[in-house]
1. Sort the following peptides by mean Cβ neighbour count (other Cβ atoms within 10 Å, averaged over residues), highest first: 180-190, 43-53, 197-207.
2. Compute the distance in nm between two label points, each set 7 Å from the Cα along the Cα-to-Cβ direction, one at residue 229 and one at residue 76.
3. Pull out a ≥ b ≥ c, the square roots of the eigenvalues of the alpha-carbon gyration tensor of region 108-229, then state rounded if a/c is under 1.5, prolate if not and a/b is larger than b/c, and oblate in the remaining case.
4. Determine which lysines satisfy two conditions relative to residue 131: a Cα distance under 25 Å, and not lying fewer than 8 residues away in the same chain.
5. Order 126-138, 167-179 from most to least packed using the mean count of other Cβ atoms within 10 Å.
6. Calculate how many DSSP beta bridges within the chain are antiparallel, expressed in % of all such bridges and rounded to the nearest 5.
7. If I take R0 = 35 Å and measure r between the Cβ atoms of residue 132 and residue 176 in this structure, what FRET efficiency does the formula 1/(1 + (r/R0)^6) give, to the nearest 0.05?
8. In whole angstrom, how far apart do the alpha carbon centroids of region 51-71 and region 200-229 sit?
Amino acid sequence: MRALLFTTGSPFARAVRIVLDELGLDYERREEITTPSAEERAAATPTLQVPTFWDGDQTLWESGTIVEYLLSTYRSRLAVEPPLALHAFRPDNEWQDKLIFSTIQTFGNAATIISQMKWSGVEAPQNGHMKRSAEKLAHILGWLEGQIHQSAVGFMPDCISMQDVFLAAHVRFVQARPLGIDLELSHYPKLEALLDRLDDRSSFMENPVWWWEPGVVGYQPDGTPVHNS
Ligand SMILES: N[C@@H](CCC(=O)N[C@@H](CS)C(=O)NCC(=O)O)C(=O)O
């Protein structure tokens with residue numbers, strides 16, 4: 001039995017769902033649109049965060065750990081060009097691949113904290129830490145732009161990496177929410193081209209990112225948000 005607990009909007013969970021599709025794996029979708037109590041969430045993970053993943057007797061949380069597990073446990077890849085990477089981190093480039101991945105996750109954490117604080121009434125211009133979190137996003141994108149070689153598919157030369165998938169999930173999350181943040185992606189042409197290409201991949205289209213703001217309780221089939229009236 002495989003199952004994934006996730007909230008509709010979570011970019012971390014979206015990246016895991018995309019990888020599950022890339023691997024052709026079925027799973028039970030335990031989808032939540034609102035946040036349950038701490039006690040309910042603690043039944044799945046002590047971090048109280050999503051995603052949490054079950055595979056037989058194995059329970060995992062932390063999206064990067066889940067994807068590392070998936071890439072190393074399931075070795076066949078869908079016949080799509082370019083294919084999904086065989087490794088989370090290439091053996092001959094291990095530390096740079098790890099550094100890129102953890103920096104991408106820091107981008108995702110800063111973005112989701114800005115989002116969660118905004119819905120709690122704290123906005124970037126008025127709060128020092130929120131302002132610093134927004135500044136972090138631009139600095140990270142600038143550094144990541146320099147990590148992609150001109151002729152490469154993405155962060156790896158000839159395959160779609162988990163680094164690519166997570167960056168796309170995080171950037172599109174920021175763009176799909178009314179956070180008042182313009183990432184100015186055109187300043188990062190290699191990243192912009194990579195994310196545009198990924199948007200056209202079936203695993204990304206099957207797991208779309210939708211507009212969300214407080215009061216949204218569901219979606220129409222085309223992604224139009226349904227508000228709590
Ligand atoms: N480091 C975690 C971050 C996951 C995360 O921040 N999830 C958010 C949703 S996007 C969450 O569950 N937030 C609720 C909370 O932090 O209490 C991971 O990679 O899985």
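Bear in mind these aren't lab numbers, they're just calculated from the coordinates by the rules spelled out. Everything numeric here is computed off the predicted structure, so don't read it as measured data. Using ideal geometry, Cβ is built from the backbone for each residue, glycine included, and neighbour counts are taken over all protein chains shown.
1. Working: 180-190: 13.6, 43-53: 18.1, 197-207: 15.6.
Packing proxy ranking, top to bottom: 43-53, 197-207, 180-190.
2. 4.8 nm
3. Oblate.
4. Once the sequence-local lysines are set aside, what remains near residue 131 is 118.
5. On the way: 126-138: 14.7, 167-179: 21.6.
Peptide ranking by packing, descending: 167-179, 126-138.
6. Numbers: 11 of 17 bridges.
That works out to approximately 65 percent antiparallel.
7. On the way: r = 23 Å, r/R0 = 0.65.
So, using R0 = 35 Å, E works out to roughly 0.95.
8. Distance between centres, Cα-based: 24 Å.
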